[in-house]
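The values are calculated or read from the model by the stated rules, or taken from the named source; none is laboratory data. These numbers come from a predicted model, not from an experiment. Positions of Cβ are backbone-derived with ideal geometry, glycine not excepted, and every protein chain shown enters the neighbour counts. The accessibility values were calculated without ligands, DNA or RNA, using every heavy atom of the protein model including side chains. Shrake-Rupley method; radii C 1.70, N 1.55, O 1.52, S 1.80 Å.
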Amino acid sequence: MNKIALITGATAGIGQATAQVLGKNGFDLILTGRRKDRLEELKEGLAKESDCRIITLNFDIRNLDETTKAFDSLPEEWKAIDVLVNNAGLAVGLEPIQEGVVDDWERMIDTNVKGLLYITRLVSPQMVKRGSGHIVNISSIAGREAYANGNVYCATKHAVQALTQGMRIDLLHHGIKVSSVAPGAVNTEFSLVRFKGNENKANDVYKGFTPLYAEDIAETILFIVTRPSHVNIDDVLIMPTAQAFSRGFHKED
Ligand code: NDP
Ligand code: 8X3
């Protein structure tokens, strides 16, 4: 039987690419997100390109009740998840703290921190029961350093780093691996979401240099989850060659 990977936020960007890469490399998939049509499209596409089995779960990860119901709806054998990729997340807004929009703060904290915790709380007991499993948390360069106006988003990703370490310690005696992947700028829908649909602002983020692509992160995740059982890749910081730190880019006109 194939290993089962649950990927949160598989409707776009890094999660979608990870679904494609893991699906083509022998994993069965549980794919989640709010946009049901995108999940169905991805499932259909993957079914043509690979022979992996796929279940889609459509829910808002900020809602504990919805998340629990979605997990409970899985057939019993699918609850034995081998790999959990905690990817669903977002930045909303880019304002100095004194001008911050409280609703934006709540969306980020509820998704990036609380949502990650909700799904981990549901999946990890099954891993503990079996004495195996792997949790991969998608952090960010924003989880290593703060940058101007990034305040709350950076705080949520610092929380992901701390949770990665905490989970690794708590799960140490249960044979469960915990890893984090912290990317720099990846060209996905991330900036479109951050700038609330403003395409010009979003496109500007990736102008003048070659950013990472979602596939670069997906390949990294595949490497991490296919190491031998005695090897854990704790933390990966992966940056575009043209980015040395959060706001340090080599850009050409
Ligand atoms: P995208 O916007 O392309 O994808 C984000 C995914 O998260 C979507 O599938 C979206 O699905 C899902 N998501 C967001 N909110 C919710 C929610 N409330 N409930 C369920 N799913 C949700 O961005 P990326 O692929 O770039 O982002 C993926 C992760 O990578 C995030 O955690 C982000 O912080 C992190 N990251 C991104 C970087 C970048 O530069 N792009 C760099 C470093 C880290 P849907 O809207 O359908 O619910
Ligand atoms: C996404 C990258 O630098 O915009 O986490 O925060 S950054």
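Data table
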read-out	value
Close pairs from the stretch 1-30: first more than 11 Å from Leu46 (Cβ to Cβ) and open to solvent by 30 Å² or more (accessible area, probe 1.4 Å), partner of a type outside the set (S, T, N, Q) and more than 12 Å from ligand 1 (Cβ to nearest atom), Cβ under 7 Å, at least 6 apart	Asn2/Gly26; Asn2/Phe27; Asn2/Asp28; Asn2/Cys52; Lys3/Phe27; Lys3/Asp82; Lys3/Val83; Asn25/Leu222
Residues of the stretch 188-222 satisfying the condition of being within 30 Å of Gln126 (Cα to Cα) and within 13 Å of ligand 1 (Cβ to nearest atom)	Ala214, Glu215, Asp216, Ile217, Ala218, Thr220, Ile221
Restricting the stretch 229-246 to residues that are surrounded by fewer than 12 Cβ atoms within 10 Å (Cβ to Cβ) and not hydroxyl-bearing (Ser, Thr, Tyr), the residue that is farthest from Leu22 (Cα to Cα)	His230
Test result for Ala185, in contact (Cβ under 8 Å) with a residue 24 or more places away in the chain and either within 12 Å of ligand 1 (Cβ to nearest atom) or hydroxyl-bearing (Ser, Thr, Tyr) (or both)	yes
Matching option when the condition is of a type in the set (Gly, Ala, Ser), away from ligand 1 (no atom under 13 Å from the Cβ) and over 26 Å from Leu171 (Cβ atoms), among Ser50, Ser73	Ser50
Tally of residues being open to solvent by less than 10 Å² (accessible area, probe 1.4 Å) and without any contact (Cβ under 8 Å) to a residue 40 or more places away in the chain across the stretch 71-92	0
Unique residue being out of contact with any helix residue (DSSP H, G or I) (no Cβ under 6 Å at 6 or more places or on another chain), part of a helix (DSSP H, G or I) and not charged (D, E, K, R) when the list is Phe209, Phe223	Phe223
Selection count where residues are of a type in the set (D, E, K, R), under 19 Å from Thr226 (Cα atoms) and part of a helix (DSSP H, G or I), scope the stretch 128-180	2
So Thr226, is it among the polar types (S, T, N, Q), under 30 Å from Ser132 (Cα atoms) and open to solvent by 50 Å² or more (accessible area, probe 1.4 Å)	yes
Which listed residue, of Ala142, Ala202, Ala148, Ala155, is at pLDDT 95 or above, touching a Lys or Arg at 6+ places or on another chain (Cβ under 9 Å), under 26 Å from Leu64 (Cβ atoms) and within 14 Å of ligand 2 (Cβ to nearest atom)	Ala142
Leading residue by the ranking (farthest from Val92 (Cα to Cα)) among those in the stretch 112-158 that are open to solvent by 20 Å² or more (accessible area, probe 1.4 Å) and within 11 Å of ligand 1 (Cβ to nearest atom)	Tyr118
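For (1) open to solvent by 60 Å² or more (accessible area, probe 1.4 Å); (2) of a type in the set (Ser, Thr, Tyr), each residue gets a yes or a no:
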position: Ile169; (1), (2): yes, no
position: His174; (1), (2): yes, no
position: Ser179; (1), (2): no, yes
position: Gly197; (1), (2): no, no
position: Lys201; (1), (2): yes, no
position: Lys207; (1), (2): yes, no
position: Pro211; (1), (2): no, no
position: Gly248; (1), (2): no, no
